[in-house]
Amino acid sequence: MTPATPDTVTIIFQPMDRDVQVPSGTSVLDAIQRAGILFESICGGKGECGKCRVIHLRGSCTRSVSGDTCSLTPAEIADSYCLACRTYVTGDCEFTIPVESRIDAPKILFGSRGIPPELCPVVAKYLTSENEHAVPSYGTRSITLEGYTGPRPGMSGEQRDRILGSPSPHTVTVSTATGYSEVIAVEDGNTTLQIPGIAIDLGTTTVVGTLVNLADGSILGSASTLNRQITYGEELITRIAVGRDPAGLRKLRETATGSINAVIGSLAGQAGIPQASVLDVSIAGNTVMQYLLLGKDPHTLELVNADVPRAPAILPSTELGIAVNPRARVFCLPNVSRFVGGDAVGDVLISGMSTSPDLSLMIDLGTNGEIVFGNHEWLASASCASGPAFEGAGIASGIRAMRGAIEHVTIDPETGGVTITTIGGGKPKGICGSGIIDAAAGMAGAGIIDFTGKLQEKAPGVRLGEDGLEYLLVPRDQTSTHRDIVITAQDMAYLMDSKAAACGAIGVLMRKYRITVDDVRHVYLAGAFGAYMDLKKVVEFGIIPDFPNARFHPLGNGSLAGALATLLSRKKRDESVTIAKKMVYIDLLADSDFINEYSAAIYIPGRPEYFPAFREPGTGL
């Protein structure tokens with residue numbers, strides 16, 4: 001352990017036995033961030049979420065446990081629990097990070113739907129040969145690229161000298177990512193059968209990558225990591241607030257780049273290749289993630305109908321700090337609006353809805369929700385602030401989808417008996433998004449909540465907790481945290497708000513384009529929402545309408561699949577630009593229809609015309 005100076009203190013975090021030196025007066029949350037520990041901090045240090053719990057073991061610190069900034073119980077406070085964002089170190093200290101605050105083994109979605117595109121990447125390799133009798137192309141001697149057709153690619157003097165200075169055959173990599181031809185690599189020997197490229201999904205929570213050989217389209221590996229920005233806040237609005245400050249923006253950019261480079265390093269290690277051999281990168285991410293990666297001030301994205309460029313960013317890897325070939329270009333899928341970004345464009349691209357005559361709907365619900373209706377003639381989109389409830393955040397016992405999370409719940413409507421399954425098996429330590437939706441639908445079916453989402457005082461399992469009524473899902477003697485897993489009245493209010501925002505956004509587009517539930521032929525469900533949710537319960541609870549004539553298709557990780565498609569195919573890059581340019585965006589904060597649609601969707605399930613099969617007498621619907 002490095003001894004602290006008089007102006008710094010040493011903080012030790014258990015059980016990882018990691019220490020960090022920080023100035024006296026630093027918050028424990030900031031110390032955790034500096035130590036590089038992945039840690040729950042949904043609100044980004046505002047003292048609102050109550051998820052950043054640590055246990056003070058020893059040392060000097062000051063703790064705030066007052067008022068609405070703290071969600072700790074008196075018993076927890078007596079056991080030395082404190083919120084990391086509201087605890088400040090004044091001397092050497094030691095803390096335990098309890099199991100519920102650790103981010104452990106997240107469930108990562110790799111799979112994707114879609115037909116592989118025609119292989120026509122923007123990079124290609126060619127063997128060189130000299131032709132002294134040809135018209136000179138580079139200096140006094142000609143360099144021929146076998147099989148190459150097109151305008152003469154730009155080549156540096158250093159590259160030319162390397163080729164002409166050695167008799168051995170060389171392989172030249174030509175990139176047309178920027179619209180003109182340029183040589184980005186010269187290698188000794190024949191390496192034309194290996195053209196490594198990487199597709200990246202830069203998600204708010206996770207960063208996922210795929211390594212592919214662009215010579216034949218074969219997949220060489222997949223890897224993932226948590227987005228290191230997590231400790232600065234779970235929600236996009238929180239990160240925008242952090243990014244308003246230049247120092248905060250720099251931290252967020254560094255953590256985004258660091259997360260991407262961690263994935264690239266893992267992929268290169270799996271394949272046994274140097275990272276510098278990676279010759280092309282394609283990245284899909286929402287608009288906020290792209291702004292932060294590019295180092296652009298994101299505060300304008302807080303403005304209604306903010307002007308967001310729809311051209312894709314194509315930049316040198318060195319400018320972004322991406323650790324691949326220094327001359328490689330990074331392609332970022334184009335954005336549409338402040339909250340419909342390149343990830344949603346990737347979803348639409350891989351679904352094929354933009355080239356189909358059938359009316360389709362694409363839904364991607366996470367921390368932010370993206371909704372797209374359309375076909376080959378038109379596309380219309382909206383985004384909704386569904387909040388992180390569908391990902392397990394903002395819920396009293398909610399956690400992200402990781403080991404120990406309850407992912408499915410069944411409640412017997414006759415007996416009230418509860419059956420759960422957890423990710424990885426074993427005792428639960430919380431409940432993730434798919435489990436929460438299952439539980440809510442089951443609670444509605446068993447009469448534990450009414451059609452407004454309110455807990456019924458006399459229903460089985462409902463009791464009076466410290467913050468009002470709550471439903472006991474799993475008692476503490478059956479959990480790994482030794483805490484009851486409950487769903488509170490506040491949780492249900494938050495969940496009802498999230499479901500109303502999602503269904504309301506769908507309703508706005510249906511109303512504007514005069515779409516009925518009978519008109520839709522395909523529904524594409526992107527991301528973890530489509531992969532892990534029980535669709536029947538999603539409709540029963542009223543998150544999305546019932547479309548009786550539609551086929552439902554889980555897209556998997558459409559963002560990653562979209563990035564991969566644009567890596568493999570120049571045509572798909574062009575198609576992604578076309579999608580972004582023609583997509584209409586309806587900003588719900590400025591739309592008069594949204595409040596009406598939201599108000600109808602705040603009930604279970606929602607508007608009768610959207611849920612004809614689920615209407616019941618006496619609900620007031």
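All of the numbers you see were taken from the coordinates with simple rules; none came from a lab. It should be emphasised that the depicted structure is a prediction, and the values quoted were computed from it without experimental measurement. Please note: Cβ atoms are built from the backbone with ideal geometry, for glycine as well, and neighbour counts cover all protein chains shown.
Could you state the number of Å between the C-alpha centres of the stretch 304-358 and the stretch 466-510? About 34 Å separates the Cα centre of the stretch 466-510 from the one of the stretch 304-358.
Using the average count of surrounding beta-carbon atoms within 10 Å as a protection proxy, the listed peptides 335-344, 272-281 rank, highest first, as 335-344, 272-281. Ranking Gly44, Ser337, Ala563 by how far each Cα lies toward the positive end of the dipole of the chain (charges on Cβ) leaves Ala563 at the top. Here is how the number arises for the chain: DSSP H runs of 4 or more residues each give -39500 (n - 2.57), the sum is divided by the residue count, and the result at 222 nm is -7500 deg cm²/dmol. Helix hunt in the chain: which complete DSSP H runs extend at least 30 Å axially by C-alpha with mean Kyte-Doolittle at least -0.5? In the chain, the long hydrophobic H runs are 246-271, 489-512. With a/c under 1.5 counting as rounded, go ahead and sort the stretch 316-399 into rounded, prolate or oblate using the C-alpha gyration tensor (a ≥ b ≥ c being the square roots of the eigenvalues; past the cut-off, prolate if a/b is larger than b/c, else oblate). Oblate, because a/c is 1.5 or more while a/b does not exceed b/c. Assuming charge only on the beta carbon of Lys and Arg (+1) and of Asp and Glu (-1), the dipole of the stretch 196-332 about its Cα centre is about 240 debye to the nearest 20.
Of the three principal axes defined by the Cα atoms of the stretch 196-332, the extents in descending order read 45, 30, 21 Å.
Over all distinct Cα pairs, what is the inverse of the mean 1/r for the stretch 8-101, reported as the Kirkwood hydrodynamic radius in Å?
12.8 Å
Percent antiparallel among DSSP beta bridges with both residues in the chain, to the nearest 5? Can you show the working numbers first?
Working: 80 of 112 bridges.
Looking only at bridges with both residues in the chain, the antiparallel portion is about 70 percent.
Over the chain, Cα pairs under 8 Å with separation of 6+ residues give a relative contact order of 13 percent.
Let me make sure I get this right: for the chain, a, b and c are the square roots of the gyration tensor eigenvalues over alpha carbons, sorted descending. Under 1.5 in a/c it's rounded, otherwise prolate if a/b > b/c, else oblate. Which is it? Oblate shape, in that a/c is at least 1.5 and b/c is the bigger or equal ratio.
Using mean Cβ contacts within 10 Å as the protection proxy, how do 184-193, 224-233 order, highest first?
Details: 184-193: 15.7, 224-233: 22.4.
Put in order of decreasing packing, that is 224-233, 184-193.
Once the other residues with Cβ under 12 Å from the Cβ of Lys427 are scored (Lys, Arg +1; Asp, Glu -1), what is the net sum?
The answer is +3.
Put simply, the stretch 393-498 fits an ellipsoid with semi-axes of 20, 14, 13 Å; these come from the alpha carbon gyration tensor as the roots of five times its eigenvalues, largest first.
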